[in-house]
1. Can you give the direction-averaged projected area of the convex hull of the alpha-carbon atoms in segment B:183-262, in nm²?
2. For A:PHE54, list long-range residues whose amide hydrogen, built 1.01 Å from N in the peptide plane, is under 5 Å from its own amide hydrogen.
3. For segment A:72-116, treating each Cα as an identical point scatterer without solvent, what Debye log10 I(q)/I(0) comes out at q = 0.15, 0.19, 0.22, 0.31 1/Å?
4. Hey, what D do you get for chain A in µm²/s if you plug the Kirkwood alpha-carbon radius into Stokes-Einstein at 20 °C and 1.002 mPa s?
5. Take peptide B:305-315, look around each residue's Cβ out to 10 angstrom, count Cβ atoms belonging to other protein chains, and average those counts.
6. How many angstrom lie between the C-alpha centres of segment B:67-115 and segment A:72-108?
7. What FRET efficiency would be calculated for the residue pair B:GLU65, B:ASP168, taking the C-beta separation as r and a Förster radius of 25 Å, to the nearest 0.05?
8. With a sphere of radius 14 Å drawn around the Cβ of A:LEU152, what net charge do the other residues whose Cβ falls strictly inside it have (Lys, Arg +1; Asp, Glu -1)?
Amino acid sequence: MKSTERHIYSLRPSFHRRVEGAVVWVLRIATLIILVAGLAVFGDIIFKGSRTVFQTSFPFVNVAFLTEAPKTLYVFEHEGASFEMADDDFRAFRTGLEEEAAAAGLPAPQLKTKSYVYSAGGVFPNIVGTILLVMGSMTIALSLGVASAIYLNEYAKQGPVVRFIRLAILNLAGVPSIVFGLFGFGMFVIYFGWNVSLLAGWFTLAFMVLPVVITASEEALKAVPKGFREGSLALGATKWQTIRKAVLPYATPGILTSSILGIARVAGETAPIMFTAAYVVRDKLPWEVERAIDFLFQGVMALPYHIYVVSSKIPQNEYSERVQYGTAFVFLGIVAIIATTSIVLRNRLRSRYRW
Amino acid sequence: MPDSDRPAFAIRKTRTRFLGLTMDECIQAFFGGNALVAVLVLGLITVFLFREGSGFFKQNQSNIEVYRTAGLEYVDHLKRQEADHTALTRYLFDLRVRVFKHHTEVEGATLGEANQQLIAFDDYSYDFGDTVEPLREAVYDLSESVTATKTRMLVNEDRLVERQQLRDAGAVEAAEAVVIEEIDLVAARQPLLAFRPVYGQINGQFAASLLSVLAAEAPAMPTAELEARFTRFHELVEQYIDGFPTVEAALNTWDPNEPIPTWKSWTSFITGERWLTASFWQDWYGVLPLLTGSLMVSMVALIIAVPLGVGAAIYVNQLASVREQNIIKPCIEFISAIPSVVLGFFGIAVLGQAIRIISQWDWLSWVPGFPVVERLNALTAGVLLALIAVPTIFTLAEDALQNVPRAFKEASFALGATKLQTIIRIVIPAALSGIISAVLLGLGRVVGETMVVLLCAGNRIAIPDFTTGIAAFTQPVHTMTGIIAQEMGEVVQGGIHYRALFVVGIVLFFIALFINFMAQKIVQRYRISIG
């Protein structure tokens, strides 16, 4: 059979078919552009950030970066060698030099230093602050959100009140995060007098993520088959017993996994915590408080705010780039882990719970 | 129903009652209460935004009143006249650069020779520049005097507030002890009023000297194009001189005691073209530059994100294989999880520079605005915002396509339509309202996004120069979200600047609500059309 010969039913080449092929390719390229753009952001930050966070020698992870507070970096030359030191090391070094000089009866050596804020040390307090913010706000958001979803899905009958509530939830989801920041500032920080504190940040973030949690929980509750509830009610259980024993246990995994995306959002937002909970710098760790109640009313350092500070408030140079990319890498890593967990868990749950 | 009426054997289901509610009803009420939190939060946001922002318009009015009574308005007329002259001088300087370029590049003269040839031109422009001197001196003296008056008025206002606070705190004696210096406004304005006849003279001299400069022998221009520019300069100067009587009239009719109407405080916010704060002359709170910036950035983002997001949604939903779907969907969801501050940082560290380098490529020089002057501008921020809008648009548009009933497609295929025909004629029209609402919600996200624009939009508070056409998009802008994030930390609580930021927040809040409302309306119509 010659190659030009075609089977009678095979598709014949035509103008329309070529157009269709071209359109498919255009759309495919659009999709690829999105993926490549996303990959470029991830790739750049992972590639450059890993230089700060990892190292070639044992233990392969830059432990200091993950366990120390941000410090000022001093760069100077002394006796022909160039040094880079964090502020506490530098002070010790200079005192040593001065003592040496005094012992030898010489004037103290003058060091020409350049200092770079936040470029030494690590981001430990920021990691802690972010984790505290996420845990507190998600606890609040989950308890409020799940209860709302139970009401909307299990109890409420269609009516004007429920429609109004749903409308409010939809609109709340569209409110810009900076407006939540203003609201939190006006209400918690000023009106309640909580100042810049964990508590103010928790509530602001919780309210911001509430619509996400409610929608996710409702989806999970809807996925539980009606038969479960009817069976339980038929056995004489009350409504609450039914919800507790026959609905919630099956909905919980779904609620939690879908809410993880809410966690990623809470961890990633900067604008709402800028005036409600975040400090640029704070030398104490959150648990170093005198009274237990102070724990709630202290501001914390947070990773997203730190990225903002180091990328806009300090000049760009090789030293600051290190801490910028390192912080972004750690932050992106945390968020990516949360998001991956959510996506993987959800896909697995989808296949497991098939009623 | 009383208990005694019940038959003895009836099972009593309710044992405990609380506030007349059964246990189950209590639980229901608890959950219902939680569901109301969303409504409550929305209400509280409105209340607190208005609570903090409400005083703004009153304060802004007194701000404008001080501007008038202290005489700043008067001096501003003169300042504008001076500024126009400066603009003309700049035009002349720009012309010199062009002539210089012509000499060196076209005629191949050395730098020294070119400068030699321009001596006549320079003399001419110096003469022109000198004409403004008498006016400039007068403006300087008057500025000093009115700024002093304004400062004294502001000090008095502060003292009044202090006295009120002391009185509220119960310290009456201390309140009375606060000295409020009487300002003799009439005396303070004396220099301004005395200046009126002097100004007539200065103006006359100024016009005469300008005319004599114009009448003097004009330096020769090497080409017709430059000659045309020079003629244009003459016309501009003549127009400028024609405007003098208007300024004089404005000065002569200026009445410091004329009350400021209430709407002025509103219009100066809504249509004000200046957002100037902490200035030593006069603060202006006009939202227009910020609104323009927000809209421009969003426009760039949508122009990029809509074709990409909708295209990808159509591809994934209609054309891609299941394996492709399983890869692409989680990836895009992953992109939506990138925190905005990280994207902003990426913009500062990589994208801004990349756009600048790309814009310097020769074969792209036809693009308006290229090469870009500033690394961080509306374009940079818009490109990054597109990456934020894409996942939203993609997910929602994909949902909308998914919701198109299968029967629609099957019927189309059965009639012999090709895949492409089915998609374009059947699936997309059926999902159109869903797609539009997806785009609107994407717009909502972009308008409300803070960190990316704060870091990458360039933060210059000015309405870009739209006379340059599309190139305006390569200029730095400032946005509503950005200004709140940037200035909120530095303002005095309860001050006019603080309240102005809250009013910007209110504007933003209502824009977001409006976009959301539109999206919902469109989706509702969509339901009807399918049913």
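Just so it is clear, none of the values below were taken in a lab; they were calculated from the coordinates. On a predicted model such as this, the values are computed, not experimentally measured, just so you know. Note that each Cβ is placed from the backbone with ideal geometry, even for glycine, and that neighbours are counted across all protein chains shown.
1. 8.5
2. Answer set, sorted by chain and number: A:ASN62.
3. -0.37, -0.57, -0.74, -1.14
4. Working: Rh = 24.9 Å.
In µm²/s, the coefficient rounds to 86.
5. Other-chain Cβ atoms within 10 Å of each residue's Cβ, averaged: 5.
6. 54
7. Working: r = 24 Å, r/R0 = 0.97.
Working from the Cβ atoms, E equals 0.55.
8. +1
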